[in-house]
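Asker: Have a look at the structure that comes next, please.
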Amino acid sequence: MAKFNEKSLHSFPLAFYYSAMQAFDTRIGAVSTSLARFLEMRAEQHRLFLVFDEAYKQSLKSQSTKTIGDLDKVRDKIAFVIERVAKLWEEKLDFDDTLNIHGRRVAQAFKDFNFRAEEALVAENAKIRNIEQVFASADLTADLAAMGLTELNTRMAELTTQIEQLMSQRNEEQAVVIVGKLKAAREALDAQYRAFLTYLNAVQELQPEEGISQAAMFYNQDLYKVELQLAQSRKGGSASEKPATDGGTTPTTPENPGTSDNTGGGTTPTTPDTPSDPGTGGGGGEGDEG
């Protein structure tokens, strides 16, 4: 029977911590069991997550939020066009390698960094910066020019700079406003989370249940993905870099899941997304707090 990875999330930046807690809340909410202690701890976990969720979303609100969201939408469109044009050159001009190679090299940069426009802004910014470093090489600069993408690439870099500056400004504005409430909510949630993991893994040792085992496998995979995104954002690593494991079962890719409302039903949960930045309509929330 699978057990939960008990790795401490204390050092996770806020957005990545949110992603992990959201995943845990969703996965554990799908477990069907009659264990009274489990049901009690799950209810408290979900209650504390909702408190944290509210404090987290309040902390993201500022006058800069809409501007950041608008800029991110434009950047996402530009990144889509660059990647799409590169793929078309790669796929449709396969009869001539002197043309095909331009698209292949540019498209590869997006693949290498596993670029996704819908993820957290911090992670997206980091990946754009990594891609820009690749595009700065002589070969890739020539590739972009050959496909008429130089101006779009310049604009994408400029937008990323604007977004980063506004995020920094917004963080300064909100530094004192909600930090106390958010800090308290995170500490309470983290204490409950660690106690719940200890209990769950004890259950798996003494009286293992298949539903808890499934939740553990799915959550360990979710946590692995969050750790991978965190490693990329911190180190500028490629998608091939793997976070170090720290106990728990080696995750397997979960099957395509269903839904859950955390009321104790047995439905397989949906895979949680990176948290959205309220009011932006674009990428996810950014993690600027430890």
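The values are calculated or read from the model by the stated rules, or taken from the named source; none is laboratory data. If you're wondering where the values come from, they're calculated on a predicted model, not measured in any experiment. Neighbour counts run over all protein chains shown; Cβ positions are idealised from the backbone, glycine included. Areas reflect the complete protein model, heavy atoms only, side chains present, ligands, DNA and RNA absent. Shrake-Rupley method; radii C 1.70, N 1.55, O 1.52, S 1.80 Å.
Asker: Please calculate the 1.4 Å probe accessible area of Met41, with all protein chains present, and give it to the nearest 10 Å².
Answerer: About 10 Å², rounded to the nearest 10.
Asker: Something else: Taking a 1.4 Å probe, which of Lys87, Lys111, Lys127 shows the most accessible area, and what order do the others take after it?
Answerer: Working: Lys87 60, Lys111 100, Lys127 5 Å².
Largest accessible area first, the residues go Lys111, Lys87, Lys127.
Asker: If you don't mind, another one. Which one of Asn100, Ala138, Ser59 has its Cα pushed farthest toward the positive end of the charge dipole of segment 1-148, where Lys and Arg give +1 and Asp and Glu give -1 at the Cβ?
Answerer: The residue sitting most towards the positive pole is Ser59.
Asker: For the pairs Lys66/Lys225; Lys3/Lys183; Lys7/Lys73; Lys183/Lys225; Lys57/Lys225, note any where the Cα-Cα span goes beyond 30 Å. Walk me through the intermediate numbers first.
Answerer: Details: Lys66/Lys225 28 Å; Lys3/Lys183 28 Å; Lys7/Lys73 35 Å; Lys183/Lys225 24 Å; Lys57/Lys225 22 Å.
From the list (Lys66/Lys225; Lys3/Lys183; Lys7/Lys73; Lys183/Lys225; Lys57/Lys225), the Cα-Cα distance tops 30 Å for Lys7/Lys73.
Asker: Rounded, prolate or oblate: which one fits segment 105-216, using the alpha carbon gyration tensor with axes a ≥ b ≥ c (rounded when a/c is under 1.5, else prolate when a/b beats b/c, else oblate)?
Answerer: Numbers: a/c = 5.18, a/b = 1.74, b/c = 2.98.
Note, shape of segment 105-216 comes out oblate.
Asker: Label-point separation (nm) for His10 and Glu44, each offset 7 Å from Cα along Cα-to-Cβ?
Answerer: Rounded to a tenth, the inter-label distance reads 2.0 nm.
Asker: On the full set of protein chains, 1.4 Å probe, figure out the accessible area of Asp76 and give it in Å² to the nearest 10.
Answerer: About 30 Å², rounded to the nearest 10.
Asker: Can you work out the accessible area per residue across segment 1-155, with the rest of the protein chains kept in place, probe 1.4 Å, in square angstrom? Walk me through the intermediate numbers first.
Answerer: Values: 6890 Å² over 155 residues.
For segment 1-155, the solvent-accessible area averages 44 Å² per residue.
Asker: Using DSSP to define loop residues, name the chymotrypsin sites (Phe, Trp or Tyr not before Pro) in segment 79-161 whose beta-carbon has at most 12 other beta-carbon atoms within 10 Å. Before the final figure, lay out each step's value.
Answerer: On the way: sites: Phe80, Trp89, Phe95, Phe110, Phe113, Phe115, Phe135; in loops: Phe95, Phe113, Phe115.
Passing sites in segment 79-161 are Phe95.
Asker: Same structure, new question: Please calculate the 1.4 Å probe accessible area of Leu93, with all protein chains present, and give it to the nearest 10 Å².
Answerer: Its heavy atoms expose roughly 40 Å² to the probe.
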